[in-house]
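In what follows, a single structure is set out as structure tokens and then discussed.
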């Protein structure tokens, strides 16, 4: 029962975080990521330009992930694919690979060992977007907390961030 | 005594019988002390409980990549897979991919979340509960298409097909934030998907029942001898529902001092300490296979033998895989069931590459094996295993 309570509290927290649709964040620290080829790369090596990050985990709300994936396909006409990076977490490397194939992500997807990106929002079990620059500064963090209003909110969010690209 | 004086007494007796739903003549309680099963470590050979183990490699193709398996259902000719990406796929019993079942989406015949699937061999239908849409979907296994669906106003933790005419949905205490209908079993007609009956499983009506404070929220409904069984990790007593829809006690797990203490509040962490947290119970004719967490570790396995009442902590004493039955049948990896195929068969699954990695361990070089031919065939099959290959399902046939 406590897991549900935790989920509800998470939703409340996320509603505060997204009361202006997105919040500002400090920078990320350097860390190792795993590629689809099972190679280890550093965060700073893959973020050469300002990029849109889609962060999701196997622990997150599944309908939320599906919904955001379908929205990413829509925005690919406005933002070049090379500026969209996926950070994810799976307990098993095979599931990471299979998930990437099923969602037709061929590159720019990285596994975060231990599911720790050092962003506060990692604790709330919801997928989210943010912008990162080559100094690893984070901005424009966005969490969908209301599935019913998400289309409208995502449209507003992407209308703003596409100006960066 | 006049009739109007007797009538309330008769009604009271009838009502009491209906409300408690207890049927003393049916009651066969097995009381199981978990302490013995925790303390008594024993390496058990698979040949002690089973005759045979078989392998079904699921076909790997672009259109049927299976992610992390959540649920497998079997009929005599088919295998139904639900994975953690909510994909529902049908294979035949040789592992050949047949078709996808249903479609994800927001449309009327589409589902958002596949919380649980079941397949009925007799009715030739697949049932899905979608927890996001609060809807039951019925699919035709021959086409994969939705034939009908209906909204429900309760939030079940699990459901099972009961006598082909009903779908039994159990709402555990874990559903409390979403519904006040917890501890109810709702019987839904498989044809029109309307609620036909609801049974209230109040713990104080179940003799010997005690809340375990596990709050891990695991629930499992299963059919055995045409009865519907309901195991709930929040209670120490497993019940069954008979054909008259009465609730009868089946077995009680005596947690004794291994109860969860109430000072543990964060259930997102693996609990440390001396308490045993039961996550899965599989019941066959002769055994209970109990799986839980103990001393901060997942995968603590206990085998309870119904015949001699012996309980053992199934221990595989080797560094790379320390739990499960020692596989002396064909030299495969240690076995522990993830579920039941039927009353006499159990299943587990693993990705071929992971299986190959484990079987290449030096432990397997000199172990005695009864079926060497199968061992060679398995190794030959695994030779070219790749990481994205679909899982292999292991089927264990128990001794009757």
*Looking only at residues in the stretch B:130-145 that are within 30 Å of residue B:389 (Cβ to Cβ) and away from chain A (no Cβ under 14 Å), which one is surrounded by the most Cβ atoms within 10 Å (Cβ to Cβ)?*
B:139
*Name every residue in the stretch B:91-107 that is within 25 Å of residue B:394 (Cα to Cα) and crowded, with 17+ Cβ neighbours inside 10 Å, in order of residue number.*
B:91, B:95, B:97, B:98, B:101
*Unmet criterion (only one of (1) at the interface with chain A (Cβ under 10 Å from one of its Cβ atoms); (2) farther than 25 Å from residue B:133 by Cβ) for residue B:105*: (2)
*Quick one: how many residues across the stretch B:284-312 are over 18 Å from the mean Cα position of the chain (by Cα) and within 19 Å of residue B:251 (Cα to Cα)?*
8
*Restricting the stretch A:53-105 to residues that are touching a residue at least 60 places away in the same chain (Cβ under 8 Å) and assigned to a loop (DSSP other than H, G, I, E, B), the residue that is farthest from the other protein chains (Cβ to nearest Cβ)*: A:80
_Long-range neighbours under 7 Å by Cβ, at least six apart or interchain, first residue at the interface with chain A (Cβ under 8 Å from one of its Cβ atoms) within the stretch B:166-185, second modelled with pLDDT under 75 and outside any loop (DSSP other than H, G, I, E, B)_ = B:174/A:4; B:177/A:4; B:177/A:5; B:177/A:8
*asked:* Condition check: in a loop (DSSP other than H, G, I, E, B), out of contact with any strand residue (DSSP E or B) (no Cβ under 7 Å at 6 or more places or on another chain) and modelled with pLDDT of 90 or more. Does residue B:191 satisfy that?
replied: yes
_All but one of (1) crowded, with 17+ Cβ neighbours inside 10 Å; (2) within 26 Å of residue B:38 (Cβ to Cβ); (3) touching a residue at least 60 places away in the same chain (Cβ under 8 Å) hold for residue B:306; state the number of the condition that does not hold._
(1)
*Is there a residue in the stretch B:375-385 that is within 14 Å of another protein chain (Cβ to nearest Cβ) and modelled with pLDDT under 95?*
yes
_Flag if residue B:333 is touching a helix residue (DSSP H, G or I) at 6+ places or on another chain (Cβ under 8 Å), in a loop (DSSP other than H, G, I, E, B) and modelled with pLDDT under 90_ = yes
*Those residues that are touching a helix residue (DSSP H, G or I) at 6+ places or on another chain (Cβ under 9 Å) and either modelled with pLDDT of 95 or more or in a loop (DSSP other than H, G, I, E, B) (or both), I need them from the stretch B:364-374; list them, please.*
B:369, B:370
*residue A:142: closer than 25 Å to residue B:69 by Cβ, touching a strand residue (DSSP E or B) at 6+ places or on another chain (Cβ under 8 Å) and either within 14 Å of another protein chain (Cβ to nearest Cβ) or at pLDDT below 90 (or both), yes or no?*
no
*Members of the stretch B:354-363 found to be surrounded by fewer than 16 Cβ atoms within 10 Å (Cβ to Cβ) and either touching a helix residue (DSSP H, G or I) at 6+ places or on another chain (Cβ under 7 Å) or assigned to a loop (DSSP other than H, G, I, E, B) (or both), listed by number*: B:360, B:361
*With (1) within 11 Å of chain A (Cβ to nearest Cβ); (2) in contact (Cβ under 8 Å) with a residue 12 or more places away in the chain; (3) over 20 Å from residue B:146 (Cβ atoms) as the list, and residue B:62 as the residue in question, which single condition is left unmet?*
(2)
*asked:* For the stretch B:78-102, give me the residue count where each residue is in a strand (DSSP E or B) and within 14 Å of chain A (Cβ to nearest Cβ).
replied: 6
*What is the number of the single condition among (1) within 15 Å of residue A:28 (Cβ to Cβ); (2) within 14 Å of chain B (Cβ to nearest Cβ); (3) free of Cβ contacts under 8 Å to residues at least 40 places away in the same chain that residue A:122 does not meet?*
(3)
_Boolean, residue A:148 is surrounded by fewer than 19 Cβ atoms within 10 Å (Cβ to Cβ), free of Cβ contacts under 8 Å to residues at least 60 places away in the same chain and in contact with a strand residue (DSSP E or B) (Cβ under 6 Å, 6 or more places away or on another chain)_ = no
*Looking at the stretch B:108-119, which of its residues are surrounded by 15 or more Cβ atoms within 10 Å (Cβ to Cβ) and either over 19 Å from residue B:149 (Cα atoms) or more than 14 Å from chain A (Cβ to nearest Cβ) (or both)?*
B:117, B:118, B:119
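The values are calculated or read from the model by the stated rules, or taken from the named source; none is laboratory data. As the structure is a computational prediction, the values presented were derived from the model and not from experiment. Because the Cβ atoms are built from the backbone with ideal geometry, glycine has one as well, and the counts that use them run over all protein chains shown.
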